[in-house]
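The values are calculated or read from the model by the stated rules, or taken from the named source; none is laboratory data. Source: prediction; values computed, not measured. We place every Cβ from the backbone using ideal geometry, glycine too, and count neighbours over all the protein chains shown. Keep in mind that these areas ignore ligands, DNA and RNA; they rest on the heavy atoms of the full protein, side chains included. Shrake-Rupley method; radii C 1.70, N 1.55, O 1.52, S 1.80 Å.
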Amino acid sequence: MACTATTFASSAIDGTGFDLQVCLKAGTTAGADGVTLGSLSDVAILVGVSDQMWVLVCAILVFWMQAGFAMLEAGSVRRKNYNNILFKNLMDASIGAICFWLLGYSFAYGTEKYEYQDPGQDNDFIGGGNWALRNFNNDDSYHSWFFQWAFAGAAATIVSGSVAERCRLEAYFVYTICLTTFIYPVVVHWVWSVTGWLSAFYSNDKGERYLKENGMIDFAGSGVVHMTGGFAGLIGAIAIGPRKFFKKDAKKLKGSSDLLSAFGVIILWMGWYGFNCGSTLGAGSGNGSYINLAAKVAVTTTIAAAMGAITCMLYSRFIQGYFNLGLCLNGVLAGLVSITAPCSVVEPWAAMMIGIIGGFVYIGASNMIKVCWIDDPLDAFPIHGVCGVWGVLSVGIFATRSNINRAYSFDNDAMTSGNQFRNQLIGVIAIM
């Protein structure tokens, strides 16, 4: 068979080039009994469809994490509070969906055009326009809202763990409205919108970034999702105060089911692949580079989660004197939160180190809030808030120039100069 290589110039959708190798039997011509080639538009449509399908599947995995949160939280509280905690999880998704549709997505991404552009309404701080998705006049944009709503629901649900067993539903619903309408979307805009001041994708009319060189790198949300939810949960826990018996006889507050908690964490671990791998926002684009990056992200995510669990297991055995299942389950989550920001820009060995350090960061933060008499039934703040901080900062320590170039197409000395760590630190302080 004779093979010829054909290169299509670019995709009408995202400018991606396509390389196509065509093999024909000897003595035949294209179309005789060989392969019928599709047009450039056909290839572009196929790539676009594969990207949208990838995002939709990953968004469904992220939404499946709501089941994991529900099971983990139900297993960590007393049986009499099942109804309350499950109601909160249900309303996080339901109220969050309406709020994020009407206003939240607009504050996060707006029109993705600056105020000096027509008809741009976005600025460095917040997005504007596209209210209730009214600018989505075609069918190739809705997957973006669906994916981002799943993230917003995850951020909102984090807080339900911090205020478990002592927050009235009405007050919690008000919190959910505030978080999914304004607080979370604003942080999303800062870090992930092309017009946000912290964003790695930011570029003003002179082609300059607000934070020099690479901006703040948070690939899948250690800061955007987990820090936002974790610190909101801390404020809620402090404002409401501890549960009865917390200071005198904490054993009476023991969770109802280790089985439910374990199942919940396994579901969360599974959903995290949608969280991290899905943040490539594509599969077919880039001549396979997007899906290759997603595969690497799956590896770094797995290693960090595993090392978080192992670290907590060793700590429980040799420091506490017994194998503490609850601590190890939280170690998994600590590793996952820690790797969420750097998952695309670090090597597997670095993911191992991030998971180990994340486990110790969680243990230290958990002990710290107990010393301060802050009642956080699910350790949501130590896991999501403090490990989220570590995840964002770890980018400035363990990321490599080649990996940043691969994931973001930036090729500079931001890592060796310390500029990247500075950007990450600025982002952490801003989100806090």
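Which residue out of VAL174, VAL77, VAL186 is of a type outside the set (S, T, N, Q) and in contact with a Phe, Trp or Tyr (Cβ under 9 Å, 6 or more places away or on another chain)?
Going through VAL174, VAL77, VAL186 in turn, just one is of a type outside the set (S, T, N, Q) and in contact with a Phe, Trp or Tyr (Cβ under 9 Å, 6 or more places away or on another chain): VAL186.
Name the residue that is farthest from GLY326 (Cα to Cα), counting only residues in the stretch 239-271 that are of a type in the set (Gly, Ala, Ser) and not in a helix (DSSP H, G or I). Out of the qualifying residues, it is GLY241. Within the stretch 341-382, the residues that satisfy the criterion of being open to solvent by less than 40 Å² (accessible area, probe 1.4 Å), within 25 Å of ILE404 (Cβ to Cβ) and not in a helix (DSSP H, G or I) are ALA341, PRO342, CYS343, SER344, VAL345, VAL346.
Evaluation of GLN148 against the conditions (1) closer than 18 Å to GLN66 by Cβ; (2) open to solvent by 40 Å² or more (accessible area, probe 1.4 Å) shows that the sole unmet condition is (2). From the list ILE45, ILE60, ILE95, the lone residue that is within 25 Å of HIS143 (Cα to Cα), at pLDDT below 95 and open to solvent by 30 Å² or more (accessible area, probe 1.4 Å) is ILE45.
Checked against (1) of a type in the set (Ser, Thr, Tyr); (2) more than 21 Å from PHE381 (Cβ to Cβ); (3) part of a helix (DSSP H, G or I); (4) open to solvent by 10 Å² or more (accessible area, probe 1.4 Å), TYR322 passes all but condition (3).
Of all the residues in the stretch 395-416, those that are surrounded by 16 or more Cβ atoms within 10 Å (Cβ to Cβ) and more than 24 Å from GLY282 (Cβ to Cβ) number 5. Would you confirm whether any residue within the stretch 279-293 is open to solvent by 50 Å² or more (accessible area, probe 1.4 Å), within 30 Å of ASP122 (Cα to Cα) and in contact with a Gly (Cβ under 9 Å, 6 or more places away or on another chain)? Within the stretch 279-293, one or more residues are open to solvent by 50 Å² or more (accessible area, probe 1.4 Å), within 30 Å of ASP122 (Cα to Cα) and in contact with a Gly (Cβ under 9 Å, 6 or more places away or on another chain). State whether one or more residues within the stretch 196-211 are open to solvent by less than 30 Å² (accessible area, probe 1.4 Å), touching a strand residue (DSSP E or B) at 6+ places or on another chain (Cβ under 7 Å), in contact (Cβ under 8 Å) with a residue 24 or more places away in the chain and in a helix (DSSP H, G or I). No, there is no match, as no residue in the stretch 196-211 is open to solvent by less than 30 Å² (accessible area, probe 1.4 Å), touching a strand residue (DSSP E or B) at 6+ places or on another chain (Cβ under 7 Å), in contact (Cβ under 8 Å) with a residue 24 or more places away in the chain and in a helix (DSSP H, G or I).
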